[in-house]
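Working notes, structure below.
The values are calculated or read from the model by the stated rules, or taken from the named source; none is laboratory data. Please read all numbers here as calculations on a predicted model, not as lab measurements. Glycine also receives a Cβ, built like all others from the backbone with ideal geometry; neighbour counts cover every protein chain displayed.
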There are 2 protein chains.
Amino acid sequence: MSTSTPKSTNITWHGANVTRDEREEVLGQKGCVVWLTGLSGSGKSTIARRLEQKLLEMGRTAYVLDGDNLRFKLNKDLGFSPEDRTENIRRVGRVAELFCDAGVICITAFISPYRVDRDAAREMVPDGRFVEVHVATDLATCEARDPKGLYGKARAGEIKGFTGIDAPYEAPAAAEITLSTADRSVDASCDALIEGLQGLGLL
Amino acid sequence: MSTSTPKSTNITWHGANVTRDEREEVLGQKGCVVWLTGLSGSGKSTIARRLEQKLLEMGRTAYVLDGDNLRFKLNKDLGFSPEDRTENIRRVGRVAELFCDAGVICITAFISPYRVDRDAAREMVPDGRFVEVHVATDLATCEARDPKGLYGKARAGEIKGFTGIDAPYEAPAAAEITLSTADRSVDASCDALIEGLQGLGLL
């Protein structure tokens, strides 16, 4: 665990009476983080929520942390500056870590454009429990979809710092799973993901 | 849900494909937040972790958010000023909300000295799903235990702003459960808590 010096002092670690193994035994599954990354409009949230549904239908306990939704609550104080994006992803990683430790399959759906931030989130969970999924819908397709009209606003200069337009997206160099969604239905994408998780021994 | 205006804009809500009811059906339990509040040394963390163990032995899915442990990670950037204590509890409340929504019994163990902060955490979850538990060990007993030597340091002026010494503790006015621990073992306290949760229809 990466627990570099915190700001506050006078803290002691409590030995957990219950281990993750024991929690996983009760749940009958392994906790993990399924980290979806990709451009706005790539289909991350849609895939995440359909995947959650499919996992629940399989009797698994899963939960989606969704960028758009989390921003209203835990991360309400953060905007879209590079620093705020990094803090956003740091907090999401820490929450995902808690869910993983609780034995839950935690699916996160965030653009998470910076490689270093995704790598930091990976470091928060035990080896083999972080599954980076590149939702690799290309920019032209995302822009053509433009489900929230954001690309239009970004091209018109009404939104600044928009990923893919005037802010960078650093594609994963070695994602566990790369999903090409352009020629695939949401269901087919989720089925491919489930196969990938099975191949990794997580389902 | 209290979702007052966030700093960031260009956000849309995603309708969850899966409801909390459906997740709870898979888990066979109700998600809730068991919020332990009390002085340093009152026994919150010990009770929280033993309660988690007992719930797991009952086949329930539970998870402890622990003040001391969370501070190394999600809340590493926060200290013990009144503002930082409030932000600490705000974030814990938001994480507990997510666990509750996931169908998990989330046990939190934080001093959480300010009534307004605990009330804000209560507002984050649906009615009937927040159980405030006052671990009502009195100051003299906590100070006599002094498991981490912190009261000694606070009395010596080596720690400033220590709850109960030179910072306030606002006891709950209407906690769902009040635990007097001075004359009770940890196991007996947990059994009383489990009875209380059963009485509230949460177990």
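Pairs only if they're at least six apart or on different chains, beta carbon under 7 angstrom, first in the stretch B:85-107 and touching a residue at least 40 places away in the same chain (Cβ under 8 Å) and more than 14 Å from B:Asp119 (Cβ to Cβ), second in a helix (DSSP H, G or I) and of a type in the set (D, E, K, R); list them, first residue then second.
Listed by first residue and then by second, the contacts come to B:Asp101/B:Arg20; B:Ala102/B:Arg23; B:Gly103/B:Arg20; B:Gly103/B:Arg23; B:Gly103/B:Glu24; B:Ile107/B:Glu52.
Quick one: B:Val133 ticks every box in (1) of a type in the set (A, V, I, L, M); (2) surrounded by 21 or more Cβ atoms within 10 Å (Cβ to Cβ); (3) more than 24 Å from B:Asp187 (Cβ to Cβ); (4) away from chain A (no Cβ under 11 Å) bar one, so which box is it?
The number of the failed condition is (3).
Hey, any hits in the stretch B:150-170 for a residue that's surrounded by 20 or more Cβ atoms within 10 Å (Cβ to Cβ) and acidic (Asp, Glu)?
There is no residue in the stretch B:150-170 that is surrounded by 20 or more Cβ atoms within 10 Å (Cβ to Cβ) and acidic (Asp, Glu).
Can you name the residue in the stretch B:68-84 that is within 7 Å of another protein chain (Cβ to nearest Cβ) and not in a loop (DSSP other than H, G, I, E, B) and, of all such residues, is modelled with the highest pLDDT? Full working, then the answer.
We begin by selecting, within the stretch B:68-84, every residue within 7 Å of another protein chain (Cβ to nearest Cβ); these are B:68-69, B:71-74, B:76-80.
With the extra rule that they be not in a loop (DSSP other than H, G, I, E, B), the set shrinks to B:68-69.
Values: B:Asp68: 63, B:Asn69: 71.
Restricting to residues being within 7 Å of another protein chain (Cβ to nearest Cβ) and not in a loop (DSSP other than H, G, I, E, B), the top hit is B:Asn69.
Could you list, ordered by first residue, the pairs with Cβ atoms under 6 Å in which the first is in the stretch B:21-44 and under 17 Å from B:Phe130 (Cα atoms) and the second is among the aromatic types (Phe, Trp, Tyr), at least 6 apart or interchain?
Here the result reads B:Val33/B:Phe130, each pair linking the stretch B:21-44 to a residue that is among the aromatic types (Phe, Trp, Tyr).
Mind counting the residues in the stretch A:145-169 that are among the acidic types (Asp, Glu) and in contact (Cβ under 8 Å) with a residue 40 or more places away in the chain?
Restricting attention to the stretch A:145-169, the residues satisfying the condition of being among the acidic types (Asp, Glu) are A:146, A:158, A:166.
After this cut, where a residue has to be in contact (Cβ under 8 Å) with a residue 40 or more places away in the chain as well, the list is A:146.
Looking only at that region, the number is 1.
Quick grid of which residues meet (1) aromatic (Phe, Trp, Tyr); (2) within 11 Å of another protein chain (Cβ to nearest Cβ); (3) assigned to a loop (DSSP other than H, G, I, E, B):
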site: A:Glu22; (1), (2), (3): no, yes, no
site: A:Val34; (1), (2), (3): no, no, no
site: A:Leu51; (1), (2), (3): no, yes, no
site: A:Thr86; (1), (2), (3): no, no, no
site: A:Gly103; (1), (2), (3): no, yes, yes
site: A:Arg118; (1), (2), (3): no, no, no
site: A:Pro126; (1), (2), (3): no, no, yes
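Suppose we keep only residues that are in a loop (DSSP other than H, G, I, E, B) and out of contact with any Lys or Arg (no Cβ under 7 Å at 6 or more places or on another chain) within the stretch A:36-49. Which one would you say is nearest to the other protein chains (Cβ to nearest Cβ)?
Start the filter on the stretch A:36-49 by keeping residues that are in a loop (DSSP other than H, G, I, E, B), which leaves A:38-43.
This time we only want the ones that are out of contact with any Lys or Arg (no Cβ under 7 Å at 6 or more places or on another chain), so: A:39-40, A:42-43.
Numbers: A:Leu39: 14, A:Ser40: 9, A:Ser42: 14, A:Gly43: 12 Å.
Taking the candidates together, the pick is A:Ser40.
Counting only residues that are in a helix (DSSP H, G or I) and surrounded by 14 or more Cβ atoms within 10 Å (Cβ to Cβ), how many does the stretch A:136-149 have?
So the first thing to find is which residues in the stretch A:136-149 are in a helix (DSSP H, G or I), and the list is A:139-145.
Add one more test, that the residue is surrounded by 14 or more Cβ atoms within 10 Å (Cβ to Cβ), and what stays is A:139, A:141-143, A:145.
Total meeting the criteria: 5.
If I ask for residues that are over 16 Å from the mean Cα position of the chain (by Cα) and small (Gly, Ala, Ser), which ones from the stretch B:108-150 would you list?
B:Ala140, B:Ala144, B:Gly149
Tally time: how many residues in the stretch B:29-67 are closer than 15 Å to B:Val95 by Cβ, modelled with pLDDT under 95 and either buried (at least 24 other Cβ atoms within 10 Å of the Cβ) or among the charged types (D, E, K, R) (or both)?
Total meeting the criteria: 1.
Can A:Ala174 be described as at pLDDT below 95, in a loop (DSSP other than H, G, I, E, B), of a type in the set (A, V, I, L, M, F, W, C) and over 16 Å from the mean Cα position of the chain (by Cα)? Full working, then the answer.
On the way: at pLDDT below 95: yes; in a loop (DSSP other than H, G, I, E, B): yes; of a type in the set (A, V, I, L, M, F, W, C): yes; over 16 Å from the mean Cα position of the chain (by Cα): no.
Criteria not met by A:Ala174.
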